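Novice: First the structure, then my questions, so here it is.
The values are calculated or read from the model by the stated rules, or taken from the named source; none is laboratory data. What you are looking at is a predicted structure, and each value in this text was computed from that prediction instead of being measured. Note that we place each Cβ from the backbone using ideal geometry, even for glycine, and neighbour counts take in every protein chain shown.
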Amino acid sequence: MRTALAVLFVCAAAQPCLAKNFLKTEPYFLAPFSVVYVDNGVCGAGKVLKVKGALGGMRRQKTCVPMGREEASLGSVTR
């Protein structure tokens, strides 16, 4: 019983971490090696810009990645 309760607690705690939050604009300050997803229309339909922070004078890594089906359908409804 305790293990079932522990597993349920861990799953409930992990759910918010799995959700991706999309920003409308790229943040001015971004911690090194942190990742944000930006939906500003730079990438094509169904894709978002993945921005990874960098150290010092290095540039940020920016790539277009496909968003999941759920997020893509939600994004088309809310716009």
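Novice: Could you list, ordered by first residue, the pairs with Cβ atoms under 7 Å in which the first is in region 36-55 and over 13 Å from PRO66 (Cα atoms) and the second is assigned to a loop (DSSP other than H, G, I, E, B) and of a type in the set (Gly, Ala, Ser), at least 6 apart or interchain?
Specialist: GLY53/ALA31; GLY53/SER34
Novice: Related question: Could you list all residues from region 1-60 that are basic (Lys, Arg), at pLDDT 90 or above and under 13 Å from the mean Cα position of the chain (by Cα)?
Specialist: LYS24, LYS47, LYS50, LYS52
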